[in-house]
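Note sheet for the following structure.
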């Protein structure tokens, strides 16, 4: 039986396991869809690489998914979203491509904040300024402050996602950022790294109830669903979708760490080793 376009899987790729928070948001929102997830674990992190290398890696990772007939490509990596979206769109003109940066910026701007916005991300994403540019394009004149919180990546990958010690680390890390908004706090805080959603509870506790947390994984999932609906590509929500996982190195570690981000246990046998 011939597969229709709507029945094709959605492709998701990242430099590692952080993008599994995007996959979790996608599967929670669209449980009837099938997904192919590729983590380019042999070459992580992308954030330390040149722009040219990131574009090349993104094209290679995405090509593996495109060759398996995906109907949409979700770039679950902030570095690749900042550097490679134009190249991906040019390479696959018949396949919608969604990154994680613009959906997060759009959600933040939808709040019509008057007290400014904060962005937390890895050092490379903050230095690149992609979130700041995306927000200012949509909300000219908005005050945007960004803070690198690279330690959060290590906390997430070790499964340290909550509790007093984690909140102390989060509080110390965010203190310089919030000091720039003193005596008040920003209206919103964008989680500009796909690792950070697993720390969202601790971050929200430290930020306080007046700060709206923007989870770029969730906002990306909603954008993907809207785009699929626009193109008539949504699967029936009554079916049970399936996810397949690929990694370019370390399937055992991918499964062990990835379970934290996906919210369920992964067995190494669930992960297929691929060579790009």
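The values are calculated or read from the model by the stated rules, or taken from the named source; none is laboratory data. Just so it is clear, the structure is predicted and the values come from calculations on it, not from any experiment. Cβ atoms come from the backbone with ideal geometry, glycine included; neighbour counts cover every protein chain shown.
Observations
- From 48, 27, 21, residue being assigned by TED's automatic domain parsing to the domain that holds residue 239, within 22 Å of residue 191 (Cα to Cα) and at pLDDT below 95: 48
- Residue that is nearest to residue 44 (Cα to Cα), among those in the stretch 137-167 that are free of Cβ contacts under 8 Å to residues at least 24 places away in the same chain and out of contact with any helix residue (DSSP H, G or I) (no Cβ under 9 Å at 6 or more places or on another chain): 154
Let's see how each residue does on (1) buried (at least 24 other Cβ atoms within 10 Å of the Cβ); (2) closer than 11 Å to residue 13 by Cα:
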| residue | (1), (2) |
| --- | --- |
| 59 | no, yes |
| 67 | no, no |
| 70 | no, no |
| 80 | yes, yes |
| 85 | no, no |
| 94 | no, no |
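- Restricted to helices (runs of 4 or more DSSP H) entirely inside the stretch 72-130, those with at least 3 residues that are under 11 Å from the mean Cα position of the chain (by Cα), under 17 Å from residue 196 (Cα atoms) and touching a residue at least 24 places away in the same chain (Cβ under 8 Å) are 78-91, 101-110.
- Whichever residue in the stretch 197-208 is within 20 Å of residue 113 (Cβ to Cβ) and out of contact with any strand residue (DSSP E or B) (no Cβ under 9 Å at 6 or more places or on another chain) and, among such residues, is surrounded by the fewest Cβ atoms within 10 Å (Cβ to Cβ): 208
- Residue match in the stretch 53-61 (condition: out of contact with any strand residue (DSSP E or B) (no Cβ under 7 Å at 6 or more places or on another chain), in contact (Cβ under 8 Å) with a residue 12 or more places away in the chain, at positive phi and not in a strand (DSSP E or B)): no
- Scanning the stretch 209-233 for residues that are surrounded by fewer than 16 Cβ atoms within 10 Å (Cβ to Cβ) and assigned to a loop (DSSP other than H, G, I, E, B) yields 209, 210, 231, 232.
- Hits in the stretch 237-252 (condition: over 15 Å from residue 24 (Cα atoms), modelled with pLDDT of 95 or more and surrounded by fewer than 17 Cβ atoms within 10 Å (Cβ to Cβ)): 249, 252
- Residue 154 fulfils the conditions (1) farther than 13 Å from residue 119 by Cα; (2) modelled with pLDDT of 95 or more except for a single criterion, (2).
- Across the stretch 16-33, the qualifying residues are those that are touching a strand residue (DSSP E or B) at 6+ places or on another chain (Cβ under 7 Å) and outside any helix (DSSP H, G or I), and the one among them that is farthest from residue 242 (Cα to Cα) is 16.
- Selected residue (only one of 171, 167, 158 is loosely packed, with under 12 Cβ neighbours inside 10 Å and closer than 23 Å to residue 21 by Cα): 158
- Residues of the stretch 41-52 that are in contact with a helix residue (DSSP H, G or I) (Cβ under 8 Å, 6 or more places away or on another chain) and part of a loop (DSSP other than H, G, I, E, B): 45, 49.
- Single residue of 206, 190 found to be in the same structural domain as residue 111 (by TED's automatic domain parsing) and either assigned to a loop (DSSP other than H, G, I, E, B) or closer than 24 Å to residue 48 by Cα (or both): 190
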